[in-house]
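The values are calculated or read from the model by the stated rules, or taken from the named source; none is laboratory data. Here the structure is a predicted model, which means the values were calculated and not measured. Positions of Cβ are backbone-derived with ideal geometry, glycine not excepted, and every protein chain shown enters the neighbour counts. Surface accessibility is based on the protein's heavy atoms, side chains included, excluding ligands, DNA and RNA. Shrake-Rupley method; radii C 1.70, N 1.55, O 1.52, S 1.80 Å.
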Amino acid sequence: MVLCGIECVQRISQYLDVSPGKLYMSENNNVAANGLVDSQSTEGFSTIIQAMVKNSKYPAILGDDSVTQALVRQWLEYAAVCINFADNSAFERRVLNELNTILKTNTYVTGTKKTIADVSMYYSIHGLVNKMSPQEKAEHVHLSRWCDNMQQDEKLRQSMDSINFSMMHLYL
């Protein structure tokens, strides 16, 4: 199973209000799209996401400057290489710890503004965070803060379940 697959790309396309083209899984087990760019086949999570942003009315979500844009590309690749396979418990723990560390000093993964990297990560890890115990959420306080902040955007959350971050029951 891959976390950065067809469902994730579909959610991102809904958020961006663009058509992703016809999505499928390639022979290499990568998400791919037909008709996204000039009626050609496009393969790879990061490539598809960047093409959708360029086709959207939100090009600034790629970042305001060259440094942020480079960080966005880096985080999209991180999603494709690391988060994509975090359905394995060893990878899951590592990814959650790494994201928690990054978010310790940043509001969003690239700094102080939400980018397509944040949107992609939210959709990719939503299921992982949703199944975390209250204790695990408390251990990953920075990741929990980020997820709770992200899910406040109704357009982003779409029909996904809201993740419960209430810590009240820990003290009962």
Scan segment 100-112 residue by residue and report those that are among the charged types (D, E, K, R) and under 16 Å from the mean Cα position of the chain (by Cα).
none
Go through segment 28-60 and give me each residue that's among the charged types (D, E, K, R) and at pLDDT below 90.
38
Scanning segment 54-63 for residues that are outside any helix (DSSP H, G or I) and open to solvent by less than 30 Å² (accessible area, probe 1.4 Å), the one farthest from residue 119 (Cα to Cα) turns out to be 56
Among the hydroxyl-bearing types (Ser, Thr, Tyr), out of contact with any helix residue (DSSP H, G or I) (no Cβ under 6 Å at 6 or more places or on another chain) and under 26 Å from residue 10 (Cα atoms): is that true of residue 89 in this structure?
yes
Tally time: how many residues in segment 113-158 are part of a loop (DSSP other than H, G, I, E, B), among the polar types (S, T, N, Q) and either over 24 Å from residue 7 (Cα atoms) or more than 16 Å from the chain's Cα centre (by Cα) (or both)?
1
Pairs returned, first residue in segment 94-109 that is in a strand (DSSP E or B) and open to solvent by less than 60 Å² (accessible area, probe 1.4 Å), second residue that is at pLDDT 95 or above and among the acidic types (Asp, Glu), beta-carbon separation under 8 angstrom, 6 or more apart or interchain, are 108/118
Scope segment 1-53; condition assigned to a strand (DSSP E or B) and open to solvent by less than 20 Å² (accessible area, probe 1.4 Å); matching residues
31, 32, 33, 36, 42
Does at least one position in segment 115-131 carry a residue that is over 21 Å from residue 78 (Cβ atoms), surrounded by 15 or more Cβ atoms within 10 Å (Cβ to Cβ) and touching a helix residue (DSSP H, G or I) at 6+ places or on another chain (Cβ under 8 Å)?
no
Flagged in segment 57-99 as among the polar types (S, T, N, Q) and within 14 Å of the chain's Cα centre (by Cα), in numbering order, are 74, 84
Determine if segment 75-88 includes at least one residue that is free of Cβ contacts under 8 Å to residues at least 40 places away in the same chain, assigned to a loop (DSSP other than H, G, I, E, B) and among the polar types (S, T, N, Q).
yes
For residue 78, state whether it is under 17 Å from residue 151 (Cβ atoms) and either open to solvent by 10 Å² or more (accessible area, probe 1.4 Å) or of a type outside the set (S, T, N, Q) (or both).
no
What about residue 161, is it touching a residue at least 60 places away in the same chain (Cβ under 8 Å) and in a loop (DSSP other than H, G, I, E, B)?
no
